[in-house]
Every structure is written in C-alpha cells, then in structure tokens.
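The values are calculated or read from the model by the stated rules, or taken from the named source; none is laboratory data. The structure presented is a predicted model; accordingly, all values stated were derived computationally and were not measured. Cβ placement follows ideal geometry from the backbone for every residue including glycine, while neighbour counts extend to all protein chains displayed.
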Amino acid sequence: MAHQENLVKIAQEGFTMVEEFYSRSRSRPERLLHENSVQKTYPAWRSFAAPKTIDTYQAAKKYGGIVVLDGRRKYCIASTVLFLILCSALVSCHAAGGRAGRAVVTTFNVLRYGAKPGSKQESTQAFVKAWRAACDFDREARILIPPGVYKLGETIFQGPCKSQTPITILLQGTLQAVSDISAYPDKGWISFDEVNGLLLTGGGTIDGKGQDVWKYDDCKTNPACTHLASSIYMTKVRNAKVKSIHLINSMGFHMHITNSYLVRFHSLKITSEDGPNTDGMHISKSNTVKISRSIFRTGDDCISIGQGSSNVTINQVTCGPGHGISVGSLGKRENELDVQGLIVKNCTLVGTTNGVRIKTFPASGPSKASGLLFKDIIMQNVKNPIIIDQNYGSDSTKPSLVKISDVVYQNIRGTTISPVAVNLQCSSQVPCKNIQFHNINLRHISNERVSSTCTNAVVQHTGLQSPLAC
C-alpha cells in the first residue's frame with residue numbers, strides 16, 4: 001500500500017485534473033488531453049510539492065495509464081481513468097485511517113484525570129497522569145487545561161515521548177503554586193525534562209505565589225544561597241515553543257532554560273515587580289533560543305544570558321521595571337562555558353536600573369563573551385543605559401578573566417537619569433576588545449550633560465555620539 005501522504009497527493013491531483021479537464025474540454029472534446037496543462041497553487045497540500053504545471057495527460061498516464069487516442073474516445077477513457085484513480089486513492093486513504101490533508105488530534109483533558117479546579121485540593125498527580133498519557137501516545141496529542149484555578153506542587157513533565165509531533169498544552173485556566181517551600185526540592189515548580197517537541201499556549205496564567213515565599217530568599221547576604229524554584233524550568237528540551245502565556249509572581253526565576261536547543265518564546269507577559277531574583281527568563285548552556293514580542297516587568301533582570309548560551313535572539317521586548325537585559329553574571333563558577341552569538345534588537349527599556357549590561361565576577365576563571373549585538377534600542381529614564389561591569393558582586397581585587405570582545409552598540413537612543421550614560425569597566429587582565437559604537441544618542445532627563453567612562457576598553461565609534469565616546 002502506498003504511503004498515506006502519497007495517496008493524499010494522488011487524490012488531490014486527481015480532483016484538480018477532473019475540475020480542469022471538464023471545465024476546459026467540455027466544449028472542445030477533440031482537444032488533445034495533454035494540451036490541457038494548468039498552473040495552480042494547491043494550499044491544501046502545499047507541503048507535498050511546490051506549485052507546478054500539471055500535464056493532465058502525463059498525470060493520468062503516470063497514475064493510471066491510458067492509450068493515445070484522439071477525440072471523444074480519449075476524453076471518455078481519460079475521464080474514466082481519473083475517476084478510478086480518485087476512488088482508489090480515497091479508499092486507500094480510508095483504509096490507512098487518514099483524512100486528506102488533516103491529522104487527527106487526540107485531546108487529554110486534565111479533568112478526566114482527576115484535576116479539581118476551584119478548590120484547595122492539589123491537582124499535581126492529575127496533571128502528571130494527563131501528561132503521561134499524552135507522552136505515551138504515539139500520535140498527535142493535546143493536553144487541555146480548561147478555565148479554572150488549579151493548585152500544583154512540584155510538577156515534572158518527563159520525556160522522551162513517543163509521538164513524532166510536538167505535544168500541545170492548551171492552558172486556558174490558571175496554575176497556582178502551593179505556598180509551601182518544602183514542596184519544591186528541586187530547581188523548578190513546573191519542569192519539562194528531555195522533551196522533544198512542545199507547544200505551550202492558550203492565554204492562561206502561571207501564578208508562582210512568590211509573595212508567600214520571598215521572605216526565605218537570602219541570596220543578598222548568603223553567597224552560597226539556593227535560588228527558589230523557577231515557575232517553568234526546562235532542561236534538555238528541543239523544538240519547543242511557548243506563546244500567549246502570562247506568568248506572575250514567580251518564587252525564583254519565572255523561566256529557566258538550560259541544556260536546550262531550538263526553543264522559541266513570543267507574546268509572553270511576565271509580571272513580578274517586587275520579588276528578589278525574579279528574573280523574567282534566564283538562559284544557560286542552550287543553543288538557538290529566540291524571544292520576541294513580549295513584556296517583562298520584574299524584580300531583577302528581565303532576561304539574563306548565562307554561561308554556555310549561543311545563538312540567542314531577543315527582539316521586540318519591552319522591559320521595565322527591572323534590572324535590564326543582561327549578559328551574566330559570568331565567572332561565578334569554575335570552568336564556565338563561553339557565551340557567543342547574542343542579538344538584542346528593537347527593544348524598549350523603561351525605568352530600569354540598567355539598560356543593556358554585561359556583568360562578570362572578579363577573580364573568575366577564564367572564559368569568553370563575544371559576538372554580541374545591541375541594536376535599535378530605546379531607553380526611557382534608564383539609570384545605566386550601556387554598562388559593562390567586570391567587578392560585579394564581589395570586593396575581590398583580583399581581575400576577572402572573562403574576555404569580552406566583538407561587541408556592537410548600534411542605534412541606541414533615549415533618556416537616562418544618570419550623568420554617566422556609557423560606563424565600561426573592563427578587566428585589567430583581559431581588557432575589552434573591539435567594542436564598537438554606531439549612532440548613540442542618549443540625553444539626561446533634566447538636560448544635564450551626560451558622559452562616558454571607559455576603563456581597560458578598546459573602543460571604536462562612528463556616526464552620532466552622545467555622550468562623546470571614550
């Protein structure tokens with residue numbers, strides 16, 4: 001039996017040939033069949049082939065075979081052959097369990113697995129059971145979370161899964177964290193582990209109830225502190241998309257992405273203005289991560305790029321309040337991986353303590369941060385619009401060994417509340433190299449003079465420079 005997709009293609013081509021053949025040949029049956037070539041785009045099966053010219057004679061001959069006849073005998077035989085082709089293809093598709101161009105999606109509703117919305121009862125196990133059923137299903141699966149509030153403790157969505165298509169989680173309700181810090185022994189509240197293919201969407205809300213546990217965060221006074229659980233923790237995740245979700249009041253990071261590949265985020269709203277260490281998103285040891293068209297209002301960095309991150313793009317993001325968009329902190333641990341390939345563009349920062357920042361610890365081990373582009377960015381009342389701080393988070397006099405190079409700041413404009421709009425404090429051991437400024441236009445909100453400060457940095461500049469480059 002032919003592959004199902006091929007059968008669908010045959011049927012679609014056959015329908016098209018019948019339509020065109022009858023419409024063009026009815027008035028002139030003497031016309032040769034192969035003269036009725038047509039040019040048409042077929043959106044119903046665009047994935048099978050690019051738009052092309054269908055030679056009706058050759059197509060009929062290929063799929064059913066006809067003899068070369070003239071006049072009405074050819075017209076009748078060709079029509080009969082095409083009809084038989086269609087019947088055969090459609091019967092075969094039915095036998096294969098398919099419908100032309102459409103896949104059947106099986107829905108796993110968390111209510112059927114015991115989830116209880118609107119009550120104090122936890123629904124953690126019900127969610128895990130629904131996930132397990134969908135993950136073990138070998139065809140396209142969707143998990144439905146209907147409107148309502150669902151209480152969850154630590155919830156782990158474990159892969160790998162059987163389906164070759166991404167699992168969809170349609171979040172229409174609100175997930176609310178249990179306010180017991182002992183319920184989260186690991187790094188995440190809602191975790192995705194070793195999942196290849198995921199779509200999380202639906203317009204729902206993920207509420208970390210961080211206001212109930214922020215008092216346990218002692219990271220400002222305890223260097224060996226353990227961060228509170230992230231609302232979403234992804235590790236070893238591939239081919240995933242998160243869109244149209246609202247995250248509020250995380251305990252720790254709202255989202256932590258690590259050891260992952262090809263993960264995309266867009267149309268997110270992340271809100272937690274009061275919590276400590278409530279980064280909107282932290283990325284580490286991951287390749288090809290894209291964030292776009294989202295709003296971050298956080299108590300820490302809107303987005304932070306950690307060690308081992310590469311090919312990260314941040315586009316059309318609004319950040320503020322918060323600590324800005326940061327590379328780092330880098331160099332806190334031994335043997336850290338390099339950061340390479342970051343694009344931050346078309347972003348707006350409003351009332352943040354920093355704009356675009358690179359931060360590394362002094363006395364760090366050797367690593368690199370290179371290939372960084374900050375482009376087309378608007379600053380509105382930002383304290384430190386452009387800053388490199390290689391003495392971050394420590395009083396040590398030993399220099400950082402994180403090498404910063406090939407950094408471009410282009411078309412950055414707006415207002416600052418600080419007289420120092422550009423502040424580059426680089427390492428004396430490994431100075432910043434190839435730092436480029438193109439068209440910088442920053443002014444003080446009170447029309448005071450603004451300046452640049454650069455230490456251990458090799459800077460090049462072109463175009464407008466306000467403040468004047470170092």
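Taking the options ILE412, ILE388, ILE440, name whichever one is in a strand (DSSP E or B), in contact with a Cys (Cβ under 8 Å, 6 or more places away or on another chain) and either basic (Lys, Arg) or in the same structural domain as ALA363 (by TED's automatic domain parsing) (or both).
Numbers: ILE412 fails: in contact with a Cys (Cβ under 8 Å, 6 or more places away or on another chain); ILE440 fails: in contact with a Cys (Cβ under 8 Å, 6 or more places away or on another chain).
The unique qualifying residue is ILE388.
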ask   = Out of ALA469, ALA369, ALA421, which single residue is touching a strand residue (DSSP E or B) at 6+ places or on another chain (Cβ under 8 Å), within 20 Å of GLY351 (Cβ to Cβ), in contact (Cβ under 8 Å) with a residue 40 or more places away in the chain and not aromatic (Phe, Trp, Tyr)?
value = ALA421
request  = Go over the candidates THR258, THR271, THR278, THR226 one by one and state the one that is assigned by TED's automatic domain parsing to the domain that holds ILE167, surrounded by 21 or more Cβ atoms within 10 Å (Cβ to Cβ), farther than 18 Å from LYS151 by Cα and not hydrophobic (A, V, I, L, M, F, W, C).
outcome  = THR278
remark   = Over the range 366-411, the set of residues surrounded by fewer than 24 Cβ atoms within 10 Å (Cβ to Cβ), out of contact with any Lys or Arg (no Cβ under 8 Å at 6 or more places or on another chain) and not hydroxyl-bearing (Ser, Thr, Tyr) is GLY371, LEU372, GLN380, ASN381, LYS383, ASN391, ASP395, LYS398, PRO399, LEU401
query = So which residues in the range 215-236 are out of contact with any Ser or Thr (no Cβ under 8 Å at 6 or more places or on another chain) and of a type in the set (Phe, Trp, Tyr), if there are any at all?
reply = TYR216
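For the structure I just gave you, tell me whether SER191 is polar (S, T, N, Q), part of a loop (DSSP other than H, G, I, E, B) and either touching a Ser or Thr at 6+ places or on another chain (Cβ under 8 Å) or assigned by TED's automatic domain parsing to the domain that holds LYS285 (or both).
On the way: polar (S, T, N, Q): yes; part of a loop (DSSP other than H, G, I, E, B): no; either touching a Ser or Thr at 6+ places or on another chain (Cβ under 8 Å) or assigned by TED's automatic domain parsing to the domain that holds LYS285 (or both): yes.
So SER191 does not fit the description; no.
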key: Residues of the range 324-364 that turn out to be touching a Lys or Arg at 6+ places or on another chain (Cβ under 8 Å), outside any strand (DSSP E or B) and either on the phi < 0 side of the Ramachandran plot or not aliphatic (A, V, I, L, M) (or both), as a count   = 8
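Is it fair to say LYS162 is closer than 16 Å to ILE232 by Cα and touching a residue at least 24 places away in the same chain (Cβ under 8 Å)?
Against the criterion (closer than 16 Å to ILE232 by Cα and touching a residue at least 24 places away in the same chain (Cβ under 8 Å)), LYS162 does not qualify.
If only one of ILE417, ILE412, ILE388 is of a type outside the set (Lys, Arg), within 29 Å of the chain's Cα centre (by Cα) and over 15 Å from VAL339 (Cβ atoms), which one is it?
Values: ILE417 fails: within 29 Å of the chain's Cα centre (by Cα); ILE388 fails: over 15 Å from VAL339 (Cβ atoms).
The unique qualifying residue is ILE412.
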